[in-house]
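Heads up, the thing below is written out as structure tokens.
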Amino acid sequence: MYLIHRSKPFKKSFSKFKRSGASKKILDDIALVIDMLARGEVLDEKYRDHRYKFNSADICTDCFIRNT
């Protein structure tokens, strides 16, 4: 299991996102994905998890929570 550290910039951005009128469904989806990643699980295909091309160490990945 991984330890999730929420940085100050993340907290600020996420707070703005919640105030912008994000639905409960989207917030639940974000919490689900964060929980799956913290447990070390592989994300479902619907999240289109992929590695950044510039990253030679294969540490950084990106995924899509919802199509908007």
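Write down the Å³ per residue value for the convex hull defined by the alpha carbon atoms of the chain.
118
Against the longest alpha carbon principal axis of the chain, how many degrees, from 0 to 90 and to the nearest 10, is the axis of helix 8-19 turned?
The angle comes out near 50 degrees.
Laboratory data are not the source of any read-out in this text; all were calculated from the coordinates shown. These numbers come from a predicted model, not from an experiment.
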